[in-house]
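Engineer: First the structure, then my questions, so here it is.
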Amino acid sequence: MQFTRGDFPADFQFGVATSAYQIEGHGFGGAGLTHWDSFAATPGNVVRAENGLRACDHYHRLDEDLDLIKGLGADVYRFSTSWARVMPGGTGPANPEGLDFYDRLVDGLLARGIKPAATLYHWELPQPLADMGGWRNAAMPDWFADYTATIMGRIGDRVWSAAPINEPWCVGWLSHFEGHHAPGLRDIRATARAMHHVLVAHGRATQVMRDLGMGNLGAVCNFEYTQPATNSAADHAAAARYDAIYNRFFLGGIFKGEYPEAVLEGLEPHLPDGWQDDMTTIQAPLDWIGVNYYTRKLIVAADGPWPGYAAVDGPLPKTQMGWEVYPDGLRHFLNLAHDYAGGLPVYVTENGMANPDVPDIADTARTDFLTQHLGAVQQAVADGVPVAGYYVWSLMDNYEWALGYEKRFGLIHVDFDSLKRTPKASYHALARWWR
Ligand code: IFM
């Protein structure tokens, strides 16, 4: 990997990312049940019905893991706090052990000279809230605001940056329309409500954090580069719908206070009454925008009701996820995020690949992937995008949701029997120029 820090803008932040349910071990420290526990316990939802009850046992191995982040030379660690660990019932009393854990995490980072970048929700919805309809329920933004006040009341004075919700597309669309993530619904009305409520919750939490005196607040959205599979007008229209739902709905709400027409076509009849009145809340001013990027999709028109599209297999080399490697898409989305967010700094808040690694392999596929995508970042910088940081997904192999523990995204190999951590060649390649 032929980079030096001097190849990127001054003050550019390099980092690594994880999330609570994927690494901590939700069976420990008084965390409450989440909708991922019940989703995983339902046959057919998750490979081998695996769940996050033990995961990487980060809960008990915090210091070892923070030392590994330090050893990598990362400037920033992007982690998430678990709602179900902080407030096991979703509302009501906080779990003191949960608050203490995040206190130790933040202090441990600061003691090692690493900036804590917090995300408030990376999908582990407390089960009692799921029982009340979860993101379909219009009360979710209020409950989320209370949770935000509780956790940030404890650690908000020391976190370097914060974002309310990781990947609203996954929370709304993937989980309520495609049914691939908890709660596993396939229901257009639930989808419309979840997509809207998640943005209202984003805005409410942002305001709560401002009121606490916090700064450096952002949003983290995921994107997929979308291309029509053929030149037919029908495929072009289908790809435009896919792009609007995936890549423009959330940016549109947050930065323009409007949803794309191509999405309203299908979702408007199902949005809650008076949804337009929430736009001021959703547009709460931000300090940065985060781009999570992994792949592109080739889209064709499909029969059937809206949205009438399907993804088809593409010809490019693929990762263990079956995702095509397409670095130009990252350049595209850094530019797109900049178009929406005006002059705000743009961060790559996730980028990386899964590979069926064993501890001693050369890990060249991941090193190449990262090299190519860092090249795309440099191109976006040359385009004039104020890219301010790049965080690799992920620090270590972890729970890849419905795909269980098989898909390995880590710079560090984790043996899920012994829980031994072994840095891979990509970890060492980054450490050589990050440290
Ligand atoms: O593991 C996930 C993460 O939780 C959110 N972004 C994408 C990653 C890889 O699928």
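The values are calculated or read from the model by the stated rules, or taken from the named source; none is laboratory data. Given the structure is predicted, the values throughout are model-derived calculations rather than measurements. Every residue, glycine as well, gets a Cβ built from its backbone with ideal geometry; the counts of neighbours run over all protein chains shown.
Engineer: Could you please tell me which pairs satisfy a Cβ distance under 6 Å, a separation of 6+ or placement on different chains, a first residue in segment 402-419 that is in contact (Cβ under 8 Å) with a residue 60 or more places away in the chain and within 16 Å of ALA17 (Cα to Cα), and a second residue that is within 12 Å of the ligand (Cβ to nearest atom) and assigned to a strand (DSSP E or B)?
Structural biologist: Pairs that qualify, where the first residue is in contact (Cβ under 8 Å) with a residue 60 or more places away in the chain and within 16 Å of ALA17 (Cα to Cα) and the partner is within 12 Å of the ligand (Cβ to nearest atom) and assigned to a strand (DSSP E or B), are ILE412/MET396; VAL414/MET396.
Engineer: Here's another thing I want to ask about it. Check segment 186-202 and report whether any residue there is more than 27 Å from ALA130 (Cβ to Cβ) and modelled with pLDDT of 95 or more.
Structural biologist: no
Engineer: Another question, then. Please determine, by comparing only the residues of segment 140-178 that are at negative phi and part of a loop (DSSP other than H, G, I, E, B), which one is farthest from the ligand (Cβ to nearest atom).
Structural biologist: Looking at the filtered set, the residue picked out is ASP157.
Engineer: In this structure, is THR230 among the β-branched types (Val, Ile, Thr) and assigned to a helix (DSSP H, G or I)?
Structural biologist: no
Engineer: Taking segment 106-150 as the region of interest, how many residues are among the small types (Gly, Ala, Ser), closer than 20 Å to PRO183 by Cβ and free of Cβ contacts under 8 Å to residues at least 60 places away in the same chain?
Structural biologist: Within segment 106-150, residues that are among the small types (Gly, Ala, Ser), closer than 20 Å to PRO183 by Cβ and free of Cβ contacts under 8 Å to residues at least 60 places away in the same chain number 2.
Engineer: LYS424 - would you say it is away from the ligand (no atom under 16 Å from the Cβ) and under 30 Å from ALA10 (Cα atoms)?
Structural biologist: Numbers: away from the ligand (no atom under 16 Å from the Cβ): yes; under 30 Å from ALA10 (Cα atoms): yes.
Spelling it out, LYS424 is indeed away from the ligand (no atom under 16 Å from the Cβ) and under 30 Å from ALA10 (Cα atoms).
Engineer: Restricting to helices (runs of 4 or more DSSP H) lying wholly in segment 11-92: which have 1 or more residues that are away from the ligand (no atom under 15 Å from the Cβ) and more than 13 Å from LEU105 (Cβ to Cβ)?
Structural biologist: Values: elements: 20-23, 35-40, 62-72, 83-86.
Passing ranges, in order: 35-40, 62-72, 83-86.
Engineer: Looking at ASP75, ASP103 in this structure, which one is surrounded by 16 or more Cβ atoms within 10 Å (Cβ to Cβ), in contact (Cβ under 8 Å) with a residue 12 or more places away in the chain and among the acidic types (Asp, Glu)?
Structural biologist: ASP75
Engineer: Can you tell me which residue within segment 390-420, out of those that are within 11 Å of the ligand (Cβ to nearest atom) and touching a helix residue (DSSP H, G or I) at 6+ places or on another chain (Cβ under 6 Å), is nearest to ALA365 (Cα to Cα)?
Structural biologist: The selected residue is ASN398.
Engineer: Do we find that VAL198 is β-branched (Val, Ile, Thr) and under 19 Å from the mean Cα position of the chain (by Cα) in this structure?
Structural biologist: yes
Engineer: Would it be correct to say that GLY203 is over 20 Å from the mean Cα position of the chain (by Cα) and either in a helix (DSSP H, G or I) or more than 16 Å from the ligand (Cβ to nearest atom) (or both)?
Structural biologist: It is false that GLY203 is over 20 Å from the mean Cα position of the chain (by Cα) and either in a helix (DSSP H, G or I) or more than 16 Å from the ligand (Cβ to nearest atom) (or both).
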